[in-house]
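Report on one structure; see the data block that follows.
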Amino acid sequence: MPLPGLRSQWFLWNPRWTSLLGSAPSPPTPVAGRIWVHSGPRPQRPPCTLIPTGYAAIWHQTRIRADLFDAVENFLDPMHTPFIHPGLVRSEGARSPTRVRIERGPDSIEAIYERPRHSGLIRSVFGLSIDQTRGRFRPPSLVELDYLAQGSLRLRILLGFTPISSTELGLSVGLFSPLPRVVASLVSLPLLPLLHLALRQDAAILALKLDHESACFSDRRYVHTPNDLLGPHILQWMKSARLGGRNREVTVLL
Ligand SMILES: [Fe+2]
């Protein structure tokens with residue numbers, strides 16, 4: 001699939017990632033403690049505003065075998081959690097209706113979940129205080145997962161996907177907490193093994209999907225259903241470098 005928008009975008013970078021879809025990235029630019037590269041003419045600054053000011057950051061970097069669209073859509077999709085992360089994020093069983101608002105921003109699109117039900121281990125770490133979660137796609141390849149309590153951001157998980165080849169992505173995962181760094185490190189101790197496990201589960205299913213589709217289909221078809229709330233918007237951007245859609249509200253079972 002041609003990805004027209006990728007030719008002129010900022011990406012999170014790791015010096016060990018040696019290619020970017022065949023293009024020659026501009027010299028790395030350090031901003032907010034991370035390295036960014038640009039795949040086209042250099043604009044003013046990288047999009048550092050997505051890192052909340054004053055929040056403690058914990059970073060993890062890895063590589064996964066996956067298609068870029070599949071990876072971005074997967075991490076923004078709550079529907080797969082009972083199947084791929086059983087007992088971790090949500091458990092199988094009775095589902096609860098959850099109101100979701102799909103909202104377009106000037107340079108992003110997000111799904112806002114009001115009082116989402118978490119039933120796995122992550123709930124016991126967070127407690128019952130999280131009353132809203134937001135999943136945001138920020139082109140070209142950034143995913144932000146926000147966890148809020150009474151309107152304040154308690155945790156942001158940032159996933160930055162950097163294409164290395166047609167079948168491999170560099171993945172930078174950042175955890176941002178409003179707590180002082182030492183406290184945030186202590187609080188995150190029980191959370192990090194769970195997030196690493198969730199990451200391995202997602203990486204395994206994405207690699208399986210890549211292998212299956214490579215073996216069975218000569219051309220990627222990128223099908224989606226009405227349950228894929230942000231999938232069509234992500235796909236539209238990847239095909240046309242344009243974010244479409246309008247604000248709407250739906251109820252899903254989570
Ligand atoms: Fe997942």
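On the basis of the beta-carbon distance and an R0 of 41 Å, residue 62 and residue 94 show a calculated FRET efficiency of 0.75.
Modelled spin labels at residue 153 and residue 16, positioned 7 Å past Cα toward Cβ, are 2.8 nm from each other.
In this simple spin-label model, placing a label point 7 Å from the Cα along the Cα-to-Cβ direction at both residue 204 and residue 108 gives a separation of 3.1 nm. Sorted ascending by nearby beta carbons within 10 Å, beginning with the fewest, 67, 131, 228, 107 become 107, 131, 228, 67. Here's how it looks for residue 154: its modeled amide H is under 5 Å from those of 147, 148, 149, which are all 5 or more places away or on a different chain. Using a Förster distance of 35 Å, how high is the FRET efficiency between residue 165 and residue 236, based on the Cβ-Cβ distance and rounded to 0.05? In this case the efficiency is close to 0.90.
Computed from the coordinates by the stated procedures, all read-outs in this text should not be read as laboratory data. Just so it is clear, the model here is predicted, and its values are computed rather than measured. Ideal geometry is used to build each Cβ from the backbone, glycine not excepted, and the neighbour counts take in all protein chains shown.
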